[in-house]
Amino acid sequence: MNHLMLDIETLDITPSAVILVVAGVFFNPKTGELGAEFEAAVNSQQEQPGRTISLDTVAWWAKQSDEARKQAFGGSESLKRVLTNLSRFIHMHSTDTVKVWGNGKEFDCSILEHAYHQLAMPCPWKFWDTQDARTIITLAELHGFNPKKQRPFEGTPHRALDDAKHQARYVADTISALYYRQPAVK
């Protein structure tokens, strides 16, 4: 598999956001089959110099479930260790040039790319290999459906790995529906 759905949990929405959790799951966008999984939580008590915190995002976290908050704020690894482990995971499980998906072109992939650059680490994907789950949903809506809303969520919302799996599943649902959809008879 060479498609990887990423999801991260942060304390801001800018590229310089403090990162709490990084998760990813390899998947087949044609079949919806899920593959190898990665999830690592950063020590939220350890400073991330040069990374930012938004009071709005902190307030948003206060409204999330206890389970999601526990996972987001219960990490023990440094950001550098988490990114190193993510790079290893990608290299170990990717069968070709990895296509990295995020939920929005400016969020998951951009924040991780910024962190890799800030820590002077090579990013394990090329910028032209990033994909956007939101664009896929827009295509579905143009065809009158929205698998993101129709597919039941499995797990805990805002637990990064559960979010990544959900995103991978609804991207595959959309691709399958668009690929196998019969043209309207006129």
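Kindly list the number of the only condition in (1) among the aliphatic types (A, V, I, L, M); (2) over 15 Å from the mean Cα position of the chain (by Cα); (3) farther than 30 Å from Q45 by Cβ; (4) open to solvent by 20 Å² or more (accessible area, probe 1.4 Å) that fails for M121.
It fails just one condition, (3).
When you check V42 against the structure, is it of a type outside the set (D, E, K, R) and closer than 30 Å to Y180 by Cα, yes or no?
Judged against the criteria, V42 is not a match.
If you scan region 94-117, which residues turn out to be open to solvent by 70 Å² or more (accessible area, probe 1.4 Å) and either under 19 Å from A160 (Cβ atoms) or not in a loop (DSSP other than H, G, I, E, B) (or both)?
Within region 94-117, K105, E106, H117 meet the criteria.
Could you give me the residue pairs with C-beta distances under 8 Å whose first residue belongs to region 132-161 and is more than 17 Å from N103 (Cα to Cα) and open to solvent by 70 Å² or more (accessible area, probe 1.4 Å), whose second residue is outside any helix (DSSP H, G or I) and not hydroxyl-bearing (S, T, Y) wherever it lies, and which are 6+ apart or on separate chains?
As it stands, the answer is H143/R181, since those pairs meet every condition given.
Inspect all residues belonging to region 27-34 and state whether any of them is modelled with pLDDT of 95 or more, in a strand (DSSP E or B) and buried (at least 18 other Cβ atoms within 10 Å of the Cβ).
Looking for residues that are modelled with pLDDT of 95 or more, in a strand (DSSP E or B) and buried (at least 18 other Cβ atoms within 10 Å of the Cβ), one finds at least one in region 27-34, hence yes.
Which pairs do you get when a residue that is within 20 Å of A68 (Cβ to Cβ), found in region 27-56, comes within reach of a residue that is β-branched (V, I, T) and open to solvent by 40 Å² or more (accessible area, probe 1.4 Å), reach meaning Cβ atoms under 8 angstrom, with the pair 6+ apart or on two chains?
Hits for this filter: S54/I13; S54/T14.
The values are calculated or read from the model by the stated rules, or taken from the named source; none is laboratory data. Source: prediction; values computed, not measured. Cβ atoms come from the backbone with ideal geometry, glycine included; neighbour counts cover every protein chain shown. Heavy atoms of the whole protein, side chains included, go into the accessibility calculation; ligands, DNA and RNA do not. Shrake-Rupley method; radii C 1.70, N 1.55, O 1.52, S 1.80 Å.
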